[in-house]
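The values are calculated or read from the model by the stated rules, or taken from the named source; none is laboratory data. Predicted model, so just to flag it, every value in this text is computed and none were measured. Counting neighbours? That spans all protein chains shown, and the Cβs are built from the backbone with ideal geometry, glycine included. Only protein heavy atoms, including side chains, enter the accessible area calculation; ligands, DNA and RNA are left aside. Shrake-Rupley method; radii C 1.70, N 1.55, O 1.52, S 1.80 Å.
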Amino acid sequence: MTRLRAPGLMRSVPGTRYTDASFLALEKERVFRRSWVVACPAWRVAKAGDFFCFEQFDASVIVLRDGQGELRAFQNTCLHRGSKLLEGGGNVQEIRCRYHGWRYRLDGTLDQVPRPEGFEHIDCSKMHLHNVRLEVLLGFVWINVEGNAPPLRDTLGGIAEELAPYRLEEMRPIQEKVFKLPTNWKAVLENATDFYHVPFVHAATISRHVNVGPVMTSYGDHTRQTLEIAPYGFRKWLDDKCSRAGPYTAAQTSTLHKYLLFPNFLINVLPYHLTVMQVWPIDQHTCELHYAFCRRQGARGLELARALATWGASRYILREDLHILKAFQEGVRTDAVRMQRLHDEEEAAAHFHAVLSRWTEG
Ligand code: FES
Ligand SMILES: [Fe+2]
């Protein structure tokens, strides 16, 4: 674990990283396909037969719980001619291809082929949907499409252990929403970790309550920012009422922890609620933000009221950011500024770009 404000940050960023289609192609091939990415929350595939189709960066992967309760991931592609098998999410007893009717068991093995006498030249009994590497950690299902990444926990540099007391697997959404945004995918993550814009974009909101910027820490490719929450008189009493899953340390209750897990997963963590933001590129000028605000399962009374109030504030602040992100991309795509320069309070972005250089050049 290393405190930032250290060499190795990238303080000048080429504008073409936000506008160049060939750079996005490199990001898809060398970053998204090679790294661990969150496919969905684990609660979405809780029961046997539950499935979710992950469709991002030109990959299509089925995440599915089989009849033995084991989570599996397969390429969403039929072994006959390659047709796509499932869409969206739901629950199935088997996977049946809509094109010529090949049927697969939930463990991915080929079960039935219509009129098999026409396939005497191949051994259908040994065929299996292509596995995709999968791990479950921190309440999320992670996949590694190319399959060669180190074990997930090793890549997180101690973050999994640090987050264990928060029991993120108990978090359930108050709201999930997908925003289609007119900006490059990286700009959304940078905006969420940049304290330099706060006095301007959030003059009437965050800036009134927080005037000391976050402290940043790096964990290999990832960063954490810790932001002290302004003191208020009855917080200790309120914290006790809202900390069913504790015990939590004073630092955990008084501090907002914001983790940016490379490449595209950002969480704001407090014991009582969780904000999840995941950003996926559509093209170099547009992206999807998958936003979720969660409270702990079973929350009621003050704990629920606090989560609902914070959700309302979170959505208001997000709206302030979405306006500026549109203006950012409109300016950047003119190519007038070849090199963007990053302030100390944009340090998480400087770290992100240094990591991105390593992945895209490697
Ligand atoms: S492509 Fe799936 S059965 Fe033919
Ligand atoms: Fe902001």
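Residue by residue through the range 90-140, note down the ones that are more than 12 Å from ligand 1 (Cβ to nearest atom), of a type in the set (S, T, Y) and open to solvent by 80 Å² or more (accessible area, probe 1.4 Å).
Hit for the range 90-140 is S125, nothing else.
For the range 3-64, please list each of the strands (runs of 3 or more DSSP E) lying entirely inside it that holds at least 2 residues being modelled with pLDDT of 95 or more and open to solvent by 40 Å² or more (accessible area, probe 1.4 Å).
By residue number, 50-56.
For the range 53-66, check the following and say yes or no: at least one residue is charged (D, E, K, R), touching a residue at least 60 places away in the same chain (Cβ under 8 Å) and in contact with an Asp or Glu (Cβ under 6 Å, 6 or more places away or on another chain).
No.
Could you grab the pairs with beta carbons closer than 9 Å, sequence gap of 6+ or different chains, first residue in the range 155-178 and surrounded by fewer than 18 Cβ atoms within 10 Å (Cβ to Cβ), second one of a type in the set (V, I, T) and modelled with pLDDT under 95?
P165/T249
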